[in-house]
Structures are given as C-alpha cells and as structure tokens.
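Structure, as structure tokens:
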Amino acid sequence: MRELKNIPFTYDLLFARFKKKLVNTASSIFEWDNLPETFDENFLNTELILTGHVGIIENTDGIYTVRGNVGGEMNEYYKPTQYIYANPVLGSGSPTIGKDVAVLFLTTEDTDPFTPNGGLSMLIDSTATLLADNQLSLNVAQKNSRLMLIADADGESTSNSAELVLNSMYEGKPYKVVHKKFEDDFSVNPLVTVKPAESMRQLIENYQFIWSTFLQELGINSNFNLKRERLVQAEVALNAECMDTLIDDIEKNVKRGVEMCNSLYGTDIKFNVRRYGEEHAFEGLNKRDELSQPNTVATSQPDKGGDTNDE
C-alpha cells in the first residue's frame, strides 16, 4: 500500500502557486507577431506584468529585452529620460529613451517613475493573497467537518469500551452490547454548530468570485453572478464595457513602445490584446432573445416557477 506523505500546506506555498498561475493567466491576453529570435516571449510578458516596463537594447548580435528601471533627468512633463539596466551577459548602461533604447510600458501609470508596484503586480499580489487565504480556510473547514462530536468518558475503562463501540459502528456492525452502567459513564456532545457543507459552499463561491473578478479586470468574460437572479441586458452590456478599461490602456501603451522599437531598430513587431469576452459576451443573451425573453439572460439559478419557455 502506498504511504501517504504529509504534504506541506502553507500560506507561502499557496501564495507562490497562485501568483505564478495568475501571471500565466495575464500573459495569455498578449499576442505578439514577428518577435526577433533573440527575444524570450515569456520573459517579455513577465517583466511587463510584474514591473510594468521592459527595455529593448541593441547588442553586437541583435536586439535584446532587458530588466531595468527608468531614471535620469526628467523632461518638461516630469517623465524619465533614461533606462538604467545591468545584465550579467549584455553589460550595463543608462541609454536615452527613444534614442538609444526603446521602452515598453504596460499602463499609463507605469510611465510615472514615482508609481510603486508597477504593472499588474498589485492586482496579482492582492488576488493571490485572497486565494491563498481562501484555500487555507477551505482546508480548515474540510478538516473540521470530520469532527462532528466529542465523547466524554468517566474513566479509562469506559473510554476503552467507548472505543470498541465506535470502532464497531465504523466497521458497519449494527449493534454492540455494553454494560448498563456504560450509559451513565459515557456521553456524546455535538461539536459543530454550523453545517460544514454550507460553510464550504460559501468558501467555494468566494473562490470563484475572486477568480471571476480578476479575469474581468483582464477583459476575460467570466460568468459568475452573486445576485442569483436574471441579468437584464443593460447589466450585461455595462459589464462588457467595464471589462475593456484596463486592457484598452495596456494595448495603447504597449503598442506605443512597439512603434518606438520598430522605428529605432527597423523591426516589424506587432502586438495586440486578445479580448476573450468580446466575441461571446452576448452569445448566450442573443440565444435567449431568439427563444422567448428579449431583455433578460438566464444565470445558473432558474426561476422558481419552472421553465419560462412553457408559456
């Protein structure tokens, strides 16, 4: 029989796991074409997501993406003019932005050198924190659901007898003959005041809601509705429009940096943001419109009255 190992289940482990998963999810909305062979697409995406910027420098054998920071003297609009980098292979430098180095910024905020926690790092860290806390709570709730009662025995002999009784019950024996005094010396008290299934259901719903909120920030349509009722068409339309706010800013800023790179180095790099929610945001709504409900879309909770199509 395979031996079960005690797998560590800690906050730090869960946070690291969720952070990596969230970064990979955020990377999935980036679409690149004609990247030079010297570029590492995963490094490029990760730097943009976690730091908010990445530099592109020219080396003897091609152009490379490098990790660094903006600095130097400010221009008339208080924007940095240099990109300071240090790489163990490519060397170090502080070239002028737009002249000797191209810089890709993820959002408008990232162009401000005084903005802390660039890119999507704050969104990812806060989401990973909530998800890690949720999983720890779910783990505790699931373990607590095993302990439904506590037994109180009046002495070691009564305790041993109780063990035999409980073991017989768990093994499936329908009865156990005990001494009459056993009933007086042994009592059972319920330990759980809240139904474990209800507590775990709430935690699972919270997990889904946290994920859904993160995905919608990235413009990924995620069908999770805490209202538990039908959504009117105006609500669905408003939700679809709000999802584009961040990704529109990302697309505008990264494309601006790509144009700078193409102009400096003669490349033909193309960038687009993949919009998952755009194609299917109203797909379910339109199907519902064709049937019988012109202004509503059904969620996962049906009406108490039954099938609305049987009119």
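The values are calculated or read from the model by the stated rules, or taken from the named source; none is laboratory data. Here the structure is a predicted model, which is why all the values come from computation and not from measurement. Don't worry about glycine lacking a Cβ; one is built from the backbone with ideal geometry, like all the others, and counts go over all protein chains shown. Keep in mind that these areas ignore ligands, DNA and RNA; they rest on the heavy atoms of the full protein, side chains included. Shrake-Rupley method; radii C 1.70, N 1.55, O 1.52, S 1.80 Å.
Key figures
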quantity: Residues within segment 126-141 that are in contact with an Asp or Glu (Cβ under 9 Å, 6 or more places away or on another chain) and either more than 18 Å from L48 (Cβ to Cβ) or open to solvent by 50 Å² or more (accessible area, probe 1.4 Å) (or both), tallied; calculated: 1
quantity: Segment 25-60, residues that are within 20 Å of the chain's Cα centre (by Cα), surrounded by 15 or more Cβ atoms within 10 Å (Cβ to Cβ) and aromatic (F, W, Y); calculated: F30
quantity: Selection within segment 113-125 - open to solvent by 60 Å² or more (accessible area, probe 1.4 Å) and over 16 Å from S27 (Cα atoms); calculated: F114, P116, N117
quantity: Residue tally, condition touching a helix residue (DSSP H, G or I) at 6+ places or on another chain (Cβ under 8 Å) and at pLDDT 85 or above, over segment 113-147; calculated: 19
quantity: Filter result for T158 (of a type in the set (S, T, N, Q), more than 30 Å from Y77 (Cα to Cα), assigned to a loop (DSSP other than H, G, I, E, B) and modelled with pLDDT under 75); calculated: no
quantity: Residue selected from segment 61-93 under the condition outside any strand (DSSP E or B) and over 23 Å from P36 (Cβ atoms), by the criterion least open to solvent (accessible area, probe 1.4 Å); calculated: N75
quantity: Test: residue in segment 100-108 that is touching an Asp or Glu at 6+ places or on another chain (Cβ under 7 Å), closer than 30 Å to S222 by Cβ, open to solvent by less than 20 Å² (accessible area, probe 1.4 Å) and in contact (Cβ under 8 Å) with a residue 12 or more places away in the chain; calculated: yes
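Here's the yes/no breakdown for (1) outside any helix (DSSP H, G or I); (2) farther than 15 Å from D110 by Cβ:
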position	(1), (2)
F15	no, yes
P36	yes, yes
F39	yes, yes
V54	yes, no
